[in-house]
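Trainee: Okay, here's the structure, questions in a sec.
The values are calculated or read from the model by the stated rules, or taken from the named source; none is laboratory data. These figures come from a predicted structure and were not determined experimentally. All Cβ positions, glycine included, derive from the backbone under ideal geometry; neighbour counts span all protein chains shown.
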Amino acid sequence: MQTKPKNIPEEAPAYPQVRMRRLRAKTWLRDMVQEHHVRPADLIWPVFITEGTNASEPVASMPGVERLTIDRLLESLNRANDLEIKAFALFPVVPAEKKTMDGREALNPGNLICRAIQAIKKELPEVGVITDVALDPYTTHGHDGLIHDGKILNDETVEVLCEQSLIQAQAGADVIAPSDMMDGRVGQIRSTLDANGFTDTAILSYAVKYASCFYGPFRDAVGSSGVLKGDKKTYQMNPANAAEALREVALDINEGADMVMVKPGLPYLDIIKSVKDTFKVPTFAYQVSGEYAMLRAAAANGWLDYDAALAESLLAFKRAGCDGILSYGAVDYARLIQKNK
Ligand code: PBG
């Protein structure tokens, strides 16, 4: 006698009564029973901003991605907004002469990121502005925090991150996104924002950020790869750990995070799923620079269809439970959707 898999009850209908291919036979049917969808409004486009005017520089390890001056950024955001991409994550490229051991340029209310926020809010008041909180673009050592005797200081760094968050909120940021992985920073940032009247400024916590090699191209883009001394393993998570991710998320939610993020993305879909299933809070993932670079590199060799691979990978995030996805391919995807309308 044939044995059935254990999870299917004996009386359950089976072949030939059931034919799974029946619902796959026609496009309209496939569309009708499709479980998950990616809308452009689910995407956050990370952008790199550089000093100057009317200039753009390609990022060699991220084909299709450019560092843009604020004026050029506004044009790009306008076009993206027309394609229904509504939220942007801003990353500054800080010139070497402004980098210091303590990253103090991060606290300058006239710095590149604050000027960019103000320009966007003036030009495109309806779009969502998400800003990175961490010191790595501003430090000569490329670490996300203050360093002493080779050790990344936690509590001292958190104090600086609170100030950094406040100047970004004052400049008009809608969402503060701490990516530094210091302990306790979400709670302290929340208190600082609230104490200064920014009770409606949201926090998207990079709650689960792994010490990943997939950030390589990003560090090229912001110019921190040449300067980074050592690695970030004393503050970012060990890629071998899963249960620890749930502890990180629990802490950040308790400290007041409105949304949590898992990063990188595709190699960590298991983590995304368990975070969403466990906490049921708005959950985001970052399809990071190395993931984007892999798609682009394979496509450049004619080995993968970029558009199809991008669309499939974004869908995978949704299937795993993501509410939103940060992706360098956000605008490419939105354009594809428009074309296929
Ligand atoms: C640093 C930061 C990193 C990224 C976003 N914020 C890199 C790092 O931790 O070294 C990576 C994003 C990407 O790879 O696309 N605060």
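Trainee: Which residue, of 309, 293, 285, 330, is over 27 Å from residue 133 (Cα atoms) and either of a type outside the set (Asp, Glu) or within 16 Å of the chain's Cα centre (by Cα) (or both)?
Mentor: The conditions single out 309.
Trainee: Give region 191-224 a look and list any residue that's in a loop (DSSP other than H, G, I, E, B), touching a residue at least 12 places away in the same chain (Cβ under 8 Å) and either under 25 Å from residue 250 (Cα atoms) or more than 16 Å from the ligand (Cβ to nearest atom) (or both), or say none. Please lay out each step first, then the result.
Mentor: Let us first name the residues in region 191-224 that are in a loop (DSSP other than H, G, I, E, B), namely 196-201, 211-212, 223-224.
Filter once more, keeping what is touching a residue at least 12 places away in the same chain (Cβ under 8 Å): 196, 198, 201, 211-212, 223-224.
Of everything in region 191-224, those that are in a loop (DSSP other than H, G, I, E, B), touching a residue at least 12 places away in the same chain (Cβ under 8 Å) and either under 25 Å from residue 250 (Cα atoms) or more than 16 Å from the ligand (Cβ to nearest atom) (or both) turn out to be 196, 198, 201, 211, 212.
Trainee: Just one of (1) at pLDDT 95 or above; (2) under 28 Å from residue 266 (Cα atoms); (3) not hydrophobic (A, V, I, L, M, F, W, C) trips up residue 165, so point out which.
Mentor: Going through the list (1) at pLDDT 95 or above; (2) under 28 Å from residue 266 (Cα atoms); (3) not hydrophobic (A, V, I, L, M, F, W, C), residue 165 breaks only (2).
Trainee: From the list 216, 226, which residue is surrounded by fewer than 17 Cβ atoms within 10 Å (Cβ to Cβ), in contact with a helix residue (DSSP H, G or I) (Cβ under 6 Å, 6 or more places away or on another chain) and at negative phi?
Mentor: Values: 226 fails: in contact with a helix residue (DSSP H, G or I) (Cβ under 6 Å, 6 or more places away or on another chain).
The unique qualifying residue is 216.
Trainee: Residue 136 - would you say it is without any contact (Cβ under 8 Å) to a residue 60 or more places away in the chain, assigned to a loop (DSSP other than H, G, I, E, B) and within 20 Å of residue 223 (Cβ to Cβ)?
Mentor: No; evaluated as a whole, the condition is false for this residue.
Trainee: Condition test on residue 253, is it touching a residue at least 12 places away in the same chain (Cβ under 8 Å), β-branched (Val, Ile, Thr) and surrounded by 19 or more Cβ atoms within 10 Å (Cβ to Cβ)?
Mentor: Answer is no for this residue.
Trainee: If you don't mind, another one. Which condition number in (1) at pLDDT 95 or above; (2) of a type in the set (Val, Ile, Thr); (3) more than 10 Å from the ligand (Cβ to nearest atom) is the one that residue 133 fails?
Mentor: (3)
Trainee: Here is a follow-up. Would you call residue 286 within 16 Å of the ligand (Cβ to nearest atom), outside any strand (DSSP E or B) and either touching a residue at least 40 places away in the same chain (Cβ under 8 Å) or touching a Pro at 6+ places or on another chain (Cβ under 7 Å) (or both)?
Mentor: Numbers: within 16 Å of the ligand (Cβ to nearest atom): yes; outside any strand (DSSP E or B): no; either touching a residue at least 40 places away in the same chain (Cβ under 8 Å) or touching a Pro at 6+ places or on another chain (Cβ under 7 Å) (or both): yes.
The answer is no for residue 286.
Trainee: Please give the number of the condition residue 35 fails out of (1) part of a strand (DSSP E or B); (2) closer than 21 Å to residue 265 by Cα; (3) among the charged types (D, E, K, R).
Mentor: (1)
Trainee: If you check 263, 318, 229, 280, which single one turns out to be modelled with pLDDT under 95 and farther than 20 Å from residue 60 by Cα?
Mentor: On the way: 263 fails: modelled with pLDDT under 95; 318 fails: modelled with pLDDT under 95; 280 fails: modelled with pLDDT under 95.
After applying the criteria, what remains is 229.
Trainee: Within region 151-162, is there a residue that is assigned to a loop (DSSP other than H, G, I, E, B) and either under 23 Å from residue 232 (Cβ atoms) or touching a residue at least 24 places away in the same chain (Cβ under 8 Å) (or both)?
Mentor: Yes, some residue in region 151-162 is assigned to a loop (DSSP other than H, G, I, E, B) and either under 23 Å from residue 232 (Cβ atoms) or touching a residue at least 24 places away in the same chain (Cβ under 8 Å) (or both).
Trainee: So for region 235-246 (the condition being in a loop (DSSP other than H, G, I, E, B), crowded, with 21+ Cβ neighbours inside 10 Å and within 16 Å of the ligand (Cβ to nearest atom)), does at least one residue qualify?
Mentor: No: region 235-246 contains no residue that is in a loop (DSSP other than H, G, I, E, B), crowded, with 21+ Cβ neighbours inside 10 Å and within 16 Å of the ligand (Cβ to nearest atom).
Residue by residue, here is whether (1) under 19 Å from residue 209 (Cα atoms); (2) among the polar types (S, T, N, Q); (3) crowded, with 17+ Cβ neighbours inside 10 Å; (4) within 15 Å of the ligand (Cβ to nearest atom) holds:
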site: 261; (1), (2), (3), (4): yes, no, yes, yes
site: 275; (1), (2), (3), (4): yes, no, yes, no
site: 299; (1), (2), (3), (4): no, no, yes, no
site: 317; (1), (2), (3), (4): yes, no, yes, yes
site: 321; (1), (2), (3), (4): yes, no, yes, no
site: 325; (1), (2), (3), (4): yes, no, yes, yes
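Trainee: Filter region 104-133 down to the residues that are outside any strand (DSSP E or B), surrounded by fewer than 22 Cβ atoms within 10 Å (Cβ to Cβ) and small (Gly, Ala, Ser) and list them by number.
Mentor: 110, 119
Trainee: Could I ask something else about it? Conditions first: (1) small (Gly, Ala, Ser); (2) in contact (Cβ under 8 Å) with a residue 24 or more places away in the chain; (3) out of contact with any helix residue (DSSP H, G or I) (no Cβ under 6 Å at 6 or more places or on another chain); (4) surrounded by 14 or more Cβ atoms within 10 Å (Cβ to Cβ). Residue 52 passes all but one, so which condition is the exception?
Mentor: (2)
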